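Notes for the one structure printed next.
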Amino acid sequence: MTAPGTTPAPAAPPAPAAGPAPALALLPAPAAGWEVAADVVVVGSGVAGLTVALRCAAAGQRTVIVTKARLTDGSTRWAQGGIAAALGEGDTPEQHRADTHTAGAGLCDDAAVTTLVTEGPGAVRRLIAEGARFDTTDDGAIALTREGGHHRRRIAHAGGDATGAEISRALLDAVRAAGIETIENALALDLLKDAEGRAAGVTLHVMGEGRHDGVGAVRAPAVVLATGGMGQIFSATTNPPVSTGDGVAIALRAGAEVSDLEFVQFHPTVLYLGPGAEGQQPLISEAVRGEGAHLVDADGVRFMTGQHELGELAPRDIVAKGIMRRMRERGTDHMYLDGRHFGAAMWEHRFPTILAACRAHGIDPVTGLIPVAPAAHYASGGVRTDLHGRTTVPGLYACGETACTGVHGANRLASNSLLEGLVFAERIAAHIASAPRTAATAPAAPGRRGPPRPYGCCPPRPGPPSSAS
Ligand SMILES: Cc1cc2nc3c(=O)[nH]c(=O)nc-3n(C[C@H](O)[C@H](O)[C@H](O)COP(=O)(O)OP(=O)(O)OC[C@H]3O[C@@H](n4cnc5c(N)ncnc54)[C@H](O)[C@@H]3O)c2cc1C
């Protein structure tokens, strides 16, 4: 899906039209009854929004965070497996780059990927300096695990399988320590623009406790959309209730371009809770397979063997399709994950969150198979940005899962999303700090990535970039 005015007809797809997309009608809402002025307003309090806010505040910008539920709500705190970065001995950003391109099915933007993997290790170290506590080995090094599509152990994790909760805790503590103003229960409605069409703030509807109530506005020359994903538009998803694609909708109504929305990642191993299960479903992290669990059918056959050189640790789209194929062959709606050989101690130490979620549903991974099926997990596309997070509307930035930086191509590499939130948040803050406060600089239109391609049609999966080792 592309922005209005650029959507090609399925029968004879033309190249996307150049120029700004027309804005859609704004949401009907009463006039703002209250106003707050700031240099930067950040919409969303996940890893992306909190990091942008922290870096902007550190640069002396008056920063306000608005978030539609509680500060802790969002996908970030649910992240399990970890955050990918070339931190281990022998690993390099170049190898991480190659794995990212392969998982993205040849549709990643190389400049964005190179930015992610080269700036990633530093961004993770700054997160640690900010107070995030990652799991370590006996000698004090960061413990690294593997996930699908990675040829190396490169995933840093916290609390075993509670990485997002720890990142959220650390960033929120830092936000509080920095005294950044936050407004909870504040649903961002629409972008405000000035007479020249530049971003000038957001309108909000606040419901609940706090200093503000009803429809209001935060006026600021820099607006950062960090509203997360849109998994809730599917019947079964790993995403929490707040993940409803609001940032993409706000951007579209403001006339910003969006890109690659058709690339929704389905996570292969979501706990199967029966045919009627709807809404947020418990995730069984890929790290469980990374540590040696196997995908099997009801007869115990490891059906991914021989389908890809990485077998059960192939990129997510390949594993999800492998599961769907086997389900169809067997006339069933789920497969199984077998991690019984881990033993109780490893389950309790390494995957306490997943163990508890399974047991809460009457499944014990220590003694039995875990029923799994694919479910909607991650929006690889979103509001189109350049390498500074700028959208096609001057002064409007997008960051994290709501953005489409080009990093993920058609399929996100596991654990690249927390990293993208960190890396591009820092770049956005640096760009805002370098721009005049009263008039955020107009973006050069983000470069179109690669040649125009027909709607919904991916080129054949290429091998890793030639410079990969
Ligand atoms: C179960 C699960 C496990 C995952 N595991 C991993 C992992 O191991 N590694 C990894 O890299 N990624 C993982 N991901 C993906 C990753 O967690 C997310 O992509 C990432 O956290 C998104 O961060 P974000 O800041 O962009 O958005 P979020 O963390 O989703 O935050 C979005 C924020 O925007 C707010 N918001 C939304 N709409 C509005 C609105 N209209 N007005 C105001 N506020 C609004 C929300 O309330 C929320 O505060 C996982 C995701 C899930 C669901």
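Each value in this text was obtained by applying a stated rule to the coordinates, not by laboratory testing. Owing to the predicted nature of the structure, the values given are computational and were not obtained by experimental measurement. Counting neighbours? That spans all protein chains shown, and the Cβs are built from the backbone with ideal geometry, glycine included.
For the range 265-375, the direction-averaged projected area of the alpha-carbon convex hull comes to 6.6 nm². When Asp338, Asp138 are sorted by how many other C-beta atoms sit within 10 angstrom of their C-beta, beginning with the fewest, the order is Asp138, Asp338.
Fewest neighbouring Cβ atoms within 10 Å first, the residues Cys358, Cys399, Cys404, Cys108 line up as Cys358, Cys404, Cys108, Cys399. Counting only Cβ charges, +1 for Lys and Arg and -1 for Asp and Glu, the dipole size of the chain around its Cα centre is about 560 debye.
Each peptide among 299-309, 199-209, 283-293, 268-278 gets the average number of other Cβ atoms lying within 10 Å of its residues, and from highest to lowest they stand as 283-293, 199-209, 268-278, 299-309.
Residues in the range 249-262 carry Karplus couplings, in order, of 5, 4, 5, 4, 5, 7, x, 7, 7, 10, 8, 6, 5, 6 Hz; the curve used is 6.51 cos²θ - 1.76 cosθ + 1.60 with θ = phi - 60°, and Gly or Pro positions show x. DSSP beta bridges fully contained in the chain are about 60 percent antiparallel. Summarising the amide proton neighbourhood of Gly149: residues at separation of 5 or more, or on other chains, whose placed amide H is nearer than 5 Å comprise Ala314. Across the options Tyr378, Gln280, Gly201, the greatest Cα extent toward the positive end of the charge dipole of the chain (unit charges at beta carbon of Lys, Arg, Asp, Glu) belongs to Gly201. Relative to the dominant Cα principal axis of the chain, helix 163-177 is inclined by about 30°. Rounding to the nearest 10 and keeping the result within 0 to 90°, find how far the Cα-based axis of helix 416-434 lies from the longest principal axis of the chain. The answer is roughly 20 degrees. Calculated [222 nm] ellipticity per residue, helices only, for the chain: -8000 deg cm²/dmol; basis is -39500 (n - 2.57) per DSSP H run with n ≥ 4, divided by all residues, nearest 500.
Using the alpha carbons of the chain, what is the convex hull volume per residue in cubic angstrom, as a whole number? Provide the component values of the computation, followed by the final result.
Numbers: hull volume 70.5 nm³, N = 469.
Cα convex hull per residue, to the nearest whole number: 150 Å³.
For the range 64-186, give me the percentage of DSSP beta bridges that are antiparallel, rounded to the nearest 5 percent. Looking only at bridges with both residues in the range 64-186, the antiparallel portion is about 60 percent.
In this structure, Arg340 and Ala141 have a Cβ-Cβ separation that, at R0 = 35 Å, corresponds to a calculated FRET efficiency of about 0.75. Its residues counted as N, the range 92-145 yields a C-alpha radius of gyration over 2.2 N^0.38 Å of 1.36. Look at the dipole of the chain built from charges on Cβ: of Ala222, His157, Ala84, the Cα furthest out on the positive end belongs to Ala222. Please give me the summed charge of the neighbours of Thr92: other residues whose Cβ is under 12 Å from its Cβ, Lys and Arg +1, Asp and Glu -1. Net local charge, Thr92 excluded: -1.
Measuring nothing but alpha carbons in the range 54-204 and taking Rh as the Kirkwood radius, the Rg to Rh ratio lands at 1.03.
Each peptide in 406-413, 121-128, 26-33, 49-56 receives the mean, over its residues, of other Cβ atoms within 10 Å, and ordering these scores from highest gives 49-56, 406-413, 121-128, 26-33. Highest mean first, the peptides 167-174, 311-318 sorted by other C-beta atoms within 10 Å per residue fall in the order 311-318, 167-174. The phi torsions of the range 397-411, fed into the Karplus equation with coefficients 6.51, -1.76 and 1.60 and a -60° offset, translate into couplings of 10, 9, 9, x, 5, 6, 8, 10, 7, x, 5, 8, x, 8, 6 Hz, rounded to whole numbers, with Gly and Pro shown as x.
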